[in-house]
Amino acid sequence: MWLGVLFGLVLFSFVVRLWALQVANWVDYAKRGQEQRKTEVYGPAPRGLIFDRNGTILADNQYIWNVQVTPQDLPKREDELERQFAILAGILGNTSASELREHFEKVGTDRLQAEPLPGGEDVAFKVVVAVEERKGELPGVTIAESARRHYSHGSLAAHVLGYARGITEEQFERYRHLRYPDEVFAGGYAPTRPEGLEAMPVYGKESVVGQTGIERLCEIDTSTAPPVPILQGRRSRTVHEVDRLNNPVRVIEEEPAAAGASVYLTLDTRIQAVAEAALKHQIQTTTGKTGAAVCLDVESGGVLAMASYPTFDPNGWGRGGSPEEFKALNEDGRKPLFDKAIGGQYAPASTFKMVSATAALETTPVKLGTTYFCTGVIHEGAQHQPFECWDRHGRVDFYKAIVQSCDVYFYELVRKQGLTSNAIGHHARLFGFGEDPGLGLTGGARGLVPDAQYKLDKKDDSWRTGDTLNMVIGQGYLLATPLQVAIATAAVATDGEVIEPSLVRKIAWPSHMHRKPTMYGRKVRRHLELKPTTLERVRHGMRLAVARRKGTAHLLADLPFKCAGKTGSAEHDKRLKPHAWFTAFAPYEHPRFVVTVLISEGGYGSSTAGPAAKSILVAAMKARDRSVADE
């Protein structure tokens, strides 16, 4: 009886196990069985192209030759494998047979996915010929053509474009589960795939990914559900049925590669080239060390040019530059990889008087005819601390104070008219200081609009009248980026529209996505609610700074169109020359362009930053005239 019970339990356990395998978990085991008898082989995804606003290519794909090996096809005998590695090492000339062996010991020799050979990327034509000549001795070795990111104009707009390079481990772990959303673009239509075959993974360990600039900004849109690749293309995929030794039996499915979307920027290559050349010239011929320039189209909100000096050639990442190259870039004290137009924070100096004048007209009883006498210095407080002006201006009214950038007049707005730091700070934030401009690029800075709490937290000291006197002329703890000064200038030019600048004008999706182009228009973050005459008076003061002979922006007076401007010289270290600022807009009657230039340690804005701003304004107006003629 006990023996019968034992046999019954064994039989019951077999029945339960068979039921679990064939009924309860049938779907999971069938899927695993399918996966075990197939292998997926992926090819690279061509990245989408980047164009300027006129259709000039800024970033494309350059095709190169690579020597690659399919591990599954390598010789199985040790002596034959050693001989093959020796032949390959001799052909390549930049790697050893032992290094090749170590590489394939890590990746394994039973894979159908082709592996680039160490030292076999971007090889010369003579290497291609040598491999083809000895093809019979090199089983599994092939020449493959792949796309490498290429920046057509070298260093032009390098900080805006950024660069793309091989995906990092961190990025791969973050994005490895993303799938290409074919269904999103095909009106609900899902491509027919063999059973058990999932949608295409967006990324593989061989993927090239945008790291900075537009390359990163337009890599993939993760704000949607599911995420949508933009510049990142779709990889090719070949699905093989394999036997138990992983030898291919037949091809189950083939999916071709497809390029990513084309991105059209707001940049104008011709204006960008002028901006970079003018900035470089002014820095190299003066005491300037570094600098930045921004040109905005206030009608569209687009960035027409954005330059940072010194710059770099992003092609170095694509071609695999030498360690010495990257070391030199990282150790250069001028930080060529750092975009100073959006990340450099400097005291805005007298360019900030646009804001201070606005705050005074809005919150104090000051009149246009109110005058103060400038002797070149005032003394404040019980200790008679001196606050100097850059010159002796004599009797100064509102317009003369802007025209000749008189510091004493603005000091007296604080001491005699009751202009407070709270009022200045409030209007500074309205103009866009102290906030993210919304451009979307990495490395941007918010600047700083200080207040009493900031000084208490950082300096453990209370706010004094002297702090307000520094702030009213754009000095002290106040910090701004060149882009923020350009946005503030645009707000003055457009009678109070604080724009959110953009770099992307259009995304043209590839045909397989079945999607119309995405267009980007002008964004206004807010409209300043001010007295009707306030900004009109500030604009007129900036116009007089150009038109009057003693105006600090008078160097623009000989241009064939009317414009308005403001200079600045930001003190930051008594041992060094001030940072030179110049900001302007044109045409005066119907503002279209804003140009802001900053040159660190350049001295005076009118003589150092001014000529660069002038060249950029001329280039922008010529571009406008060309576009009108084309229409």
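The values are calculated or read from the model by the stated rules, or taken from the named source; none is laboratory data. Just so we're clear, the structure is a prediction, and the values are computed from it rather than from any experiment. Heads up, the Cβs are rebuilt from the backbone with ideal geometry, glycines too, and the neighbour counts pull from every protein chain shown.
Okay, here's what the table says:
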| quantity | calculated |
| --- | --- |
| Residue within the stretch 405-426 that is assigned by TED's automatic domain parsing to the domain that holds Thr567, among the aromatic types (Phe, Trp, Tyr) and in a loop (DSSP other than H, G, I, E, B) present | no |
| Those strands (runs of 3 or more DSSP E) lying entirely in the stretch 200-255 with at least 3 residues surrounded by 20 or more Cβ atoms within 10 Å (Cβ to Cβ) and either modelled with pLDDT of 85 or more or not assigned by TED's automatic domain parsing to the domain that holds His177 (or both) | 208-210 |
| Residue in the stretch 48-63 that is touching a residue at least 24 places away in the same chain (Cβ under 8 Å) and assigned to a helix (DSSP H, G or I) present | no |
| Hits in the stretch 374-399 - residues which are without any contact (Cβ under 8 Å) to a residue 60 or more places away in the chain and either crowded, with 22+ Cβ neighbours inside 10 Å or under 40 Å from the mean Cα position of the chain (by Cα) (or both) | Cys374, Glu388, Cys389, His393, Val396 |
| Subset of the stretch 493-544 that is of a type in the set (Val, Ile, Thr) and not in a loop (DSSP other than H, G, I, E, B) - its residue that is nearest to Asp52 (Cα to Cα) | Val504 |
| Residue match in the stretch 164-182 (condition: modelled with pLDDT of 85 or more, of a type in the set (Gly, Ala, Ser), buried (at least 18 other Cβ atoms within 10 Å of the Cβ) and under 31 Å from the mean Cα position of the chain (by Cα)) | yes |
| In the stretch 125-146, the residues that are modelled with pLDDT under 80 and of a type in the set (Ser, Thr, Tyr) | Ser146 |
| Lone qualifier among Ile487, Ile473 - being under 24 Å from the mean Cα position of the chain (by Cα) and closer than 24 Å to Ala292 by Cα | Ile487 |
| Qualifying positions in the stretch 77-124 - modelled with pLDDT of 80 or more and either part of a loop (DSSP other than H, G, I, E, B) or of a type in the set (Ser, Thr, Tyr) (or both) | Arg77, Gly93, Asn94, Thr95, Ser96, Ser98, Val123, Ala124 |
| Long-range neighbours under 6 Å by Cβ, at least six apart or interchain, first residue among the small types (Gly, Ala, Ser) within the stretch 532-559, second assigned to a loop (DSSP other than H, G, I, E, B) | Ala545/Gly551; Ala545/Thr552; Ala545/Ala553 |
| Flag for Val538 being assigned by TED's automatic domain parsing to the domain that holds Glu589 and touching a His at 6+ places or on another chain (Cβ under 9 Å) | no |
| Residue under evaluation Ala275, criteria (1) under 21 Å from Leu217 (Cβ atoms); (2) in contact with a Gly (Cβ under 6 Å, 6 or more places away or on another chain); (3) among the aliphatic types (A, V, I, L, M), criterion not met | (2) |
| Selection within the stretch 381-390 - of a type in the set (S, T, N, Q) and assigned to a strand (DSSP E or B) | Gln385 |
| Some residue of the stretch 463-471 being in contact (Cβ under 8 Å) with a residue 60 or more places away in the chain, in a strand (DSSP E or B), crowded, with 21+ Cβ neighbours inside 10 Å and touching a strand residue (DSSP E or B) at 6+ places or on another chain (Cβ under 9 Å) | no |
| Among the residues listed as Thr351, Thr358, Thr364, Thr375, the single one being of a type in the set (Val, Ile, Thr), over 30 Å from Leu439 (Cβ atoms) and out of contact with any Leu (no Cβ under 6 Å at 6 or more places or on another chain) | Thr375 |
| Matching option when the condition is among the hydrophobic types (A, V, I, L, M, F, W, C) and in contact with an Asp or Glu (Cβ under 8 Å, 6 or more places away or on another chain), among Leu368, Leu329, Leu361 | Leu368 |
| Residue in the stretch 135-163 that is surrounded by the fewest Cβ atoms within 10 Å (Cβ to Cβ), counting only those that are of a type in the set (Ser, Thr, Tyr) and either over 30 Å from Val274 (Cβ atoms) or outside the structural domain of Arg83 (by TED's automatic domain parsing) (or both) | Thr142 |
| Residue under evaluation Ala623, criteria (1) farther than 18 Å from Leu296 by Cα; (2) within 26 Å of the chain's Cα centre (by Cα), criterion not met | (1) |
| All positions within the stretch 542-579 that are under 15 Å from Ser405 (Cα atoms) and either outside the structural domain of Ala341 (by TED's automatic domain parsing) or touching a Phe, Trp or Tyr at 6+ places or on another chain (Cβ under 6 Å) (or both) | Arg543, Leu544, Ala564, Thr567, Gly568, Ser569, Ala570 |
| Residue list for the stretch 428-458, restricted to those being part of a helix (DSSP H, G or I), farther than 13 Å from Leu478 by Cα and in contact (Cβ under 8 Å) with a residue 60 or more places away in the chain | Leu430 |
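Residue-by-condition table, conditions (1) within 26 Å of Leu556 (Cα to Cα); (2) hydroxyl-bearing (Ser, Thr, Tyr):
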| site | (1), (2) |
| --- | --- |
| Thr364 | no, yes |
| Tyr372 | no, yes |
| Val396 | yes, no |
| Gln404 | yes, no |
| Glu412 | no, no |
| His426 | no, no |
| Leu439 | no, no |
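Here's the yes/no breakdown for (1) free of Cβ contacts under 8 Å to residues at least 24 places away in the same chain; (2) in a loop (DSSP other than H, G, I, E, B); (3) not aliphatic (A, V, I, L, M):
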| position | (1), (2), (3) |
| --- | --- |
| Val594 | no, no, no |
| Val597 | no, no, no |
| Gly603 | no, yes, yes |
| Ser606 | no, no, yes |
| Gly610 | no, no, yes |
| Ala613 | no, no, no |
| Ile616 | no, no, no |
| Ala623 | no, no, no |
